[in-house]
1. Tell me whether segment 55-73 contains one or more residues that are part of a loop (DSSP other than H, G, I, E, B) and free of Cβ contacts under 8 Å to residues at least 24 places away in the same chain.
2. If you scan segment 18-54, which residues turn out to be exposed (fewer than 13 other Cβ atoms within 10 Å of the Cβ), farther than 15 Å from I64 by Cβ and at pLDDT below 95?
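The values are calculated or read from the model by the stated rules, or taken from the named source; none is laboratory data. Note that the coordinates shown come from a computational prediction; the quantities given were computed from them, not determined experimentally. Counting neighbours? That spans all protein chains shown, and the Cβs are built from the backbone with ideal geometry, glycine included.
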Amino acid sequence: MILYEIYWIRYFKSNRTMKDMYSSLLGIPVAGATLPVIAFLLLGIYGRNVFLIIATIILGIGHIGIHLNHKKKLNELQFLEQIIFMSCSFLI
């Protein structure tokens, strides 16, 4: 949970762009989505709660998957913006 708090502090100190929202932290991809899932998974393991572990795995597949897909689309849009900018500057 400390890493999750660090993620949010870093986000609010940034420009708060979508790139910042989907950034990684210490090599953990899409940390805003991954870290809480890891926390609940570890809580389920610590409490030996099979239902929490199963629910967290299901949540993690959907939650992290959606955020990875959003990050992929964001990267594609940024690439297209760069191409358009380079094309326009070439014409000027």
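1. No; the residues of segment 55-73 include none that is part of a loop (DSSP other than H, G, I, E, B) and free of Cβ contacts under 8 Å to residues at least 24 places away in the same chain.
2. Correct list: L26 only.
Here's the yes/no breakdown for (1) over 21 Å from K73 (Cβ atoms); (2) in a helix (DSSP H, G or I); (3) within 13 Å of the chain's Cα centre (by Cα):
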site	(1), (2), (3)
E5	yes, yes, no
W8	yes, yes, yes
Y11	no, yes, yes
S23	no, no, yes
G32	no, yes, yes
V37	no, yes, yes
L42	yes, yes, no
